[in-house]
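Mind looking over this structure? Questions follow.
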Amino acid sequence: MTPTMSKEAWLLGILDLIEPVGECEEWQGALVGRTPVGYTPRGYLFEGNSQGKHSVRSIVWRFKHLAMPPAGQVVRMTCCNDRCVCIAHMKLMTRADSVREQFRRGEHNTPARRAAVIQRARANPNAKLTIEGAREIRASEEADEVLSQRFGICTKRVGMVRRGEAWPELAQGASVFNWRP
Ligand SMILES: [Zn+2]
């Protein structure tokens, strides 16, 4: 791409990289994080925009609505498809709404976040069980009912600890789960 290309040629180049896939229109070019981005010459997206990578969703929005998304609002995709740049799947949200929406979609449910939740739960002084208790349950051949009474937890919970579904030594997958008392 050259900085001297016409605005029309640039826009056609962008549109060429968008292909219908299922219900969506997917960007075939680069993503930065979860955002499709396309090279944009200076001033082609809005007056004074910097030359470089800009959100393809902003570009599509700009040429559909003849204006950029309003200040303080962000474009989110109702289809949750990172590659989608379909105008019909775009929804304007305030930044605060966008954060709430991310929580609703579980997008903040990252391994680091889950590890923090587990550590907080395990640090709870009122917790009936500790990791030592969990180890004792797993090492024990006593009946669920006996252990249930000893630790003051229900028999279902004893089963979960025995199967490693509760208080696992290593939570599956991520090393950040490797919690030690
Ligand atoms: Zn979509």
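Name the most mobile residue of Q119, Q149, Q73, meaning the one with the largest mean-square fluctuation, in a Gaussian network model of the chain with Cα contacts below 10 Å.
Q149
Further question: Using DSSP to call loops (not H, G, I, E or B), can you name the trypsin sites (Lys or Arg not before Pro) in the range 136-169 whose Cβ has at most 16 other Cβ atoms within 10 angstrom? Kindly include the intermediate steps, with their values, before the conclusion.
Working: sites: R138, R150, K156, R157, R162, R163; in loops: R163.
For trypsin sites (Lys or Arg not before Pro) across the range 136-169 that sit outside H, G, I, E and B with at most 16 neighbouring Cβ atoms in 10 Å, the list reads R163.
By the 4.7 Å beta carbon criterion, which cysteine residues of the chain come out unpaired?
Within the chain, the cysteines lacking a partner Cβ under 4.7 Å are C79, C80, C86, C154.
Helix-only mean residue ellipticity at 222 nm, the chain, DSSP H runs n ≥ 4 weighted -39,500 (n - 2.57), per residue, nearest 500. What is it? Write down the numbers at each step before the final one.
Values: 7 runs with 67 residues, N = 181.
So the helix-based figure for the chain works out to -10500 deg cm²/dmol.
Can you list the lysines whose alpha carbon is less than 17 Å from that of K53, not counting same-chain residues fewer than 8 positions off?
Once the sequence-local lysines are set aside, what remains near K53 is K7.
Restricting to DSSP loop positions (anything but H, G, I, E, B) with no more than 14 other Cβ atoms inside 10 Å of their own Cβ, which trypsin sites (Lys or Arg not before Pro) remain in the range 1-61?
R34, R42
Mean projection of the alpha-carbon convex hull of the range 42-141 over all orientations, in nm²?
10.8 nm²
Can you compute the modelled spin-label distance between R105 and A30, with each label point 7 Å from Cα toward Cβ, in nm?
Here the modelled spin labels are 2.2 nm apart.
Next question. Taking the Cα atoms of the chain, report the difference between the largest and smallest coordinate on each principal axis, in whole Å and largest first.
Principal axes ranked by extent give 78, 28, 28 Å for the Cα atoms.
While we're looking at this one, here's another question. For the chain, with a Gaussian network of springs between Cα atoms less than 10 Å apart, report the residue from V60, V74, V158 with the top mean-square fluctuation.
Highest fluctuation of the listed residues: V158.
Values in this text are rule-based calculations from the coordinates and carry no lab data. Predicted, not measured: the structure shown is a model, and the values here were computed from it. Please note: Cβ atoms are built from the backbone with ideal geometry, for glycine as well, and neighbour counts cover all protein chains shown.
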